[in-house]
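The values are calculated or read from the model by the stated rules, or taken from the named source; none is laboratory data. All figures in this text were calculated on a predicted structure; none of them were measured in a lab. A quick note on method: Cβ atoms are made from the backbone with ideal geometry, for glycine too, and the neighbour counts reach across all protein chains shown.
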Amino acid sequence: MDTNTFLNRLTDLKWTVDFTTVNRPAISLPSLATKRLAKAPKEFIEFISSFSEALSQDETEWFLSYKDYKQEYGKVDDAFVWNTFEMDSLTYADKDMKAEIEEFWNNYIPFFMSVKGEYTYIAICVNNENYGKIYHGYEPEYEIPELIADNLPSFFNKFLLTTNS
C-alpha cells in the first residue's frame with residue numbers, strides 16, 4: 001500500500017489528516033533528529049513528509065510528521081515530542097543503562113505515538129540487521145520492542161486491519 005492510499009484510508013476511519021506536504025528544506029531540525037533521520041529509508045522520509053498532521057478522532061493516537069522532529073524535549077509545551085519515550089527512559093536510568101538506552105534509540109526512530117491506555121510507539125529500525133523493519137514498543141520498558149512488519153507498506157496494511165478508531 002502506498003502512502004496516499006494509507007492516509008486516505010485513515011480519513012475514512014475518521015482520523016484528521018492534513019495533507020499539506022512538509023517543505024523539508026525550510027525546517028531546521030535539531031542535530032539529534034537530523035543525525036537519526038539521515039539513516040532512515042527514503043520511503044520513510046517521504047511518508048513523514050507527505051502530511052502535516054495525522055491524528056485519531058479521539059486525539060489519543062497520532063503519526064509524527066517530519067515537522068514534528070524539530071521539537072526538542074523540554075523546550076516546548078507539548079507533553080509528547082518525537083523522543084519523549086527515550087527521554088523518559090533516560091530520566092529513570094542509572095549511569096550504566098544510559099549508554100544502552102541511547103544506543104537503542106539511535107537505531108529506532110518513532111513515527112507513531114499512542115496514549116490510548118498504556119503509552120506506546122511504533123518505530124522504524126535503522127540498524128543494518130533490521131533496516132526498514134517496523135517495531136512496536138510500550139511502557140514501561142520501551143527498549144524491548146516487538147517486530148510487527150517487515151517494511152512500511154506492510155505496516156500500513158496491518159495498521160488498517162487492526163485499528164478500530
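Applying the criterion of being touching a residue at least 12 places away in the same chain (Cβ under 8 Å) and basic (Lys, Arg) to the residues of region 36-75, the residue that is nearest to ASN8 (Cα to Cα) is LYS67.
Can you tell which of TRP82, TRP105 is under 23 Å from GLU141 (Cβ atoms) and either loosely packed, with under 14 Cβ neighbours inside 10 Å or at pLDDT 95 or above (or both)? Give the derivation first.
Details: TRP82 fails: either loosely packed, with under 14 Cβ neighbours inside 10 Å or at pLDDT 95 or above (or both).
TRP105 is the lone residue from the list that is under 23 Å from GLU141 (Cβ atoms) and either loosely packed, with under 14 Cβ neighbours inside 10 Å or at pLDDT 95 or above (or both).
Scanning region 25-72 for residues that are over 21 Å from TYR131 (Cβ atoms), in a helix (DSSP H, G or I), among the small types (Gly, Ala, Ser) and in contact with a Phe, Trp or Tyr (Cβ under 7 Å, 6 or more places away or on another chain) yields a count of 0.
Within region 123-163, the only residue that satisfies the criterion of being of a type in the set (Val, Ile, Thr) and assigned to a helix (DSSP H, G or I) is THR162. Beta carbons closer than 8 Å, at least 6 apart along the sequence or on distinct chains, pair a first residue in region 113-129 that is without any contact (Cβ under 8 Å) to a residue 40 or more places away in the chain and over 16 Å from ALA79 (Cβ atoms) with a second that is in a loop (DSSP other than H, G, I, E, B) and hydroxyl-bearing (Ser, Thr, Tyr) for CYS125/TYR131.
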